[in-house]
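Student: My questions will all concern the structure given below.
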Amino acid sequence: MRPAIDGTVFGSITIAHSEYEHDVIIRLNGEVEKRKKKLSKALYGTSHIVSLAEAHYVYERGAQRLIIGSGQGGNVTLSDEAKNFFKQMRCEVQLLPTPQAIRAWNEAQGAVIGLFHVTC
């Protein structure tokens, strides 16, 4: 079951009444886990660009859509390699500032996964 996201402020996100003070991934089964941003930071020196390695980690077989909360100011982007990977997997990517991504998540239907950046 997909958990509802209650809201976000700079530095945290509240999902199903639990507050997380780090970036998160929400899996197809509704499980919330800490984002492994080191996979991108090792290559780019920042977690604001999602690398191919992180894309492989985030993607789940059967996911039709990935909603990315790109931060309060919308700073997160996908690398070209990550974009191509999701296209090959036939997984639509919706990249929105985190407050708008939360609305998209809460209204989403079908096989959806999420990645939410909680700072800039």
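Read-outs: derived from the displayed coordinates by stated rules, not from any lab. For clarity, every value in this text was computed on a predicted model and none was experimentally measured.
Student: Under 5 Å between amide H atoms, partner at least 5 residues away or on a different chain: which partners does ALA111 have, H built in plane at 1.01 Å?
Tutor: Excluding prolines and chain starts, which carry no amide H, the hits are GLN64.
Student: Once you treat every alpha carbon in segment 23-104 as an equal point and sum by Debye, what is log10 I(q)/I(0) at q = 0.13, 0.17, 0.21 Å⁻¹?
Tutor: Each listed q corresponds, in turn, to -0.36, -0.63, -1.01.
Student: Another one. Below 8 Å between Cα atoms, with a sequence gap of 6+, how large is the relative contact order for the chain in percent?
Tutor: Over the chain, the number comes to 32 percent.
Student: Quick one: of the DSSP bridges fully inside the chain, what percent are antiparallel, nearest 5?
Tutor: 50
Student: Here's another thing I want to ask about it. Non-local amide H neighbours of LEU95 (under 5 Å, H modeled in plane, Pro and chain starts lacking H): which ones?
Tutor: Answer set, sorted by chain and number: ILE68.
Student: Next up: Dividing the alpha-carbon Rg of segment 11-57 by 2.2 N^0.38 Å yields what?
Tutor: 1.24
Student: Sticking with this structure for a sec: Note down the Stokes-Einstein diffusion coefficient of segment 79-120 in µm²/s, whole number, using a Kirkwood radius over alpha carbon pairs, 4 °C, and 1.567 mPa s.
Tutor: Rounded, D is 112 µm²/s.
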